[in-house]
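This report refers to the structure that appears directly beneath it.
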Amino acid sequence: MKRRYGMGGAPSSACLEAGNTGIPIGESIETERDMLFMSSDATPMSMLTAGLIRLLDVEPAGEPGHFLGHRKPGGAGRVYGGQVVGQALAAAAKTVAADRPVHSLHCYFMRPGSEDYPIDYQVDADMDGRAFSNRRIVAWQQEKPIFNMIASFHKAERGPAHQSDMPPVPDPDDLKDLGDLIEQHELPAGPVLRWIAGRNSPVRFRPVGDIQSGIIKTHDAAPQLCWMRVGEGPLGLEQPMQRAMLGFMSDMLLLATAYRPHGLHIGSPGVASASIDHSVWFHDDVECGDWLLYVTDSPWAGHGRGFARGHFYARDGRLVASVAQEGLIRFRDPE
């Protein structure tokens, strides 16, 4: 049975362009209200972090297999895509045994969601096997599906192991926050980016590279690196919520890397931006309250689409997740 309620990342030099907003095909960034974290001035970080946890922690909606995703307090306009990813994953995890953490998810953004309504997440248990469980999730709002996801959960088993090495980078404690860099060097950033990079976001960004000296490169195809974390220290949450939170973070910064080789950014005049799909592979346990290095690049763009991929490394060098996304980067037809 379908249930109807109220989706759609942030900045990069690694972080100077606004990231993917999760706005589906045909919808572009138009106003500040399309963005996330429009909180009141000087909100304490502890309150912002607690608010994000509450936002992602969906609750049963009355019907079996349905979970209610609450609105962001004070939210307006379209819902940030990473919020829907995180809430959908949190809903699915509530139907799976605790010893089976999610190892992958694959989703599509279909329609823009509205901050005026909550979202109903319909979870179908397609399979529970000896070591794997599979869940299908559809997000509903106002009688329409706005998003769908397939997520797979796996009980850890014995096998060979390897990973790619984390790039050599400065320690995040030796770097400045993105918001401070924008102010100190008067970097070109509009009001939306200034707000996201400011003090009212639960996510902190510390970009790596020349931006730390106030230098912004254009037409840059090199991988982008940025330390990210939620709050001011370890959150101590169980893995289902940690991984939902990483899903929330994974939609930030990514698509902007497909614009950078062309000297463009999301929101550039004459360019339509939109999410198409999003995938995350979870390799190991994660603590989103500690610094995570997000390494992103874009190996291809063409035909009005851009492909980007990313890797999350824990501070100790472990590769904890990999991400891939294709998005619309289409030139608008002249009027």
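Taken about its Cα centre, the range 115-176 carries a charge dipole of roughly 420 debye when the Cβ of each Lys and Arg holds +1 and the Cβ of each Asp and Glu holds -1. Per-residue extension of 0.36 nm, minus the Cα-Cα distance of Ala50 and Ser164, leaves a gain of 37.7 nm for this segment.
The modelled label-to-label distance for the pair Ser104/Tyr117, using points 7 Å beyond Cα in the direction of Cβ, is 3.3 nm.
Restricting to DSSP loop positions (anything but H, G, I, E, B) with no more than 13 other Cβ atoms inside 10 Å of their own Cβ, which chymotrypsin sites (Phe, Trp or Tyr not before Pro) remain in the range 33-139? Loop-located and lightly packed - none at all.
In the range 282-329, the ratio of gyration radius to Kirkwood radius, Rg to Rh, stands at 1.10 when only Cα atoms are counted. Accessible surface computed residue by residue for the range 150-279, with neighbouring protein chains in place and a 1.4 Å probe, gives 45 Å² per residue. Sparse packing (at most 11 other Cβ atoms within 10 Å of the Cβ) combined with a DSSP loop state is found for the following trypsin sites (Lys or Arg not before Pro) in the range 63-149: Arg130. Distance between the 7 Å Cα→Cβ label points at Thr43 and Glu59: 1.9 nm. Among Gly236, Ala156, Leu187, whose Cα projects farthest towards the positive end of the dipole of the range 146-267, with charges put on the beta-carbon of Lys, Arg (+1) and Asp, Glu (-1)? With unit charges placed on the Cβ atoms, the residue in question is Ala156. Here Lys144 is the anchor, and the aspartates and glutamates within straight C-alpha reach of less than 12 Å, apart from those fewer than 8 places off in the same chain, are Asp120. Extents of the range 76-176, largest first, come to 47, 46, 20 Å (Cα atoms, principal axes, whole angstrom).
Its Cα gyration tensor gives the range 49-124 an equivalent ellipsoid; the semi-axes, largest first and in whole Å, are 21, 14, 13. Once the chain from Asp285 to Ala97 is taken as fully extended at 0.36 nm per residue, the excess over their C-alpha distance is 66.1 nm. Dipole magnitude for the range 153-312: about 520 debye, using +1 per Lys or Arg Cβ and -1 per Asp or Glu Cβ, origin at the Cα centre. Dipole magnitude for the range 79-148: computed about the Cα centre from +1 point charges on Lys and Arg Cβ and -1 point charges on Asp and Glu Cβ, it is near 220 debye.
Hey, which lysines would be in cross-link range of Lys155, C-alpha to C-alpha under 19 Å, not counting anything within fewer than 8 residues on its own chain? Cα-Cα hits under 19 Å: Lys94. For the range 119-194, applying the loop criterion from DSSP together with a ceiling of 13 other beta carbons within 10 Å to the GluC sites (Glu not before Pro) yields Glu143, Glu157, Glu186. Available extension along the chain between Asn134 and Ala324 is 66.4 nm, counting 0.36 nm per residue and deducting the alpha carbon span.
The values are calculated or read from the model by the stated rules, or taken from the named source; none is laboratory data. As the structure is a prediction and not an experimental result, all values here were calculated from the model. Backbone-built Cβ (ideal geometry, glycine too); neighbour counts: all protein chains shown. Surface areas here come from the heavy atoms of the whole protein model, side chains and all, with no ligands, DNA or RNA. Shrake-Rupley method; radii C 1.70, N 1.55, O 1.52, S 1.80 Å.
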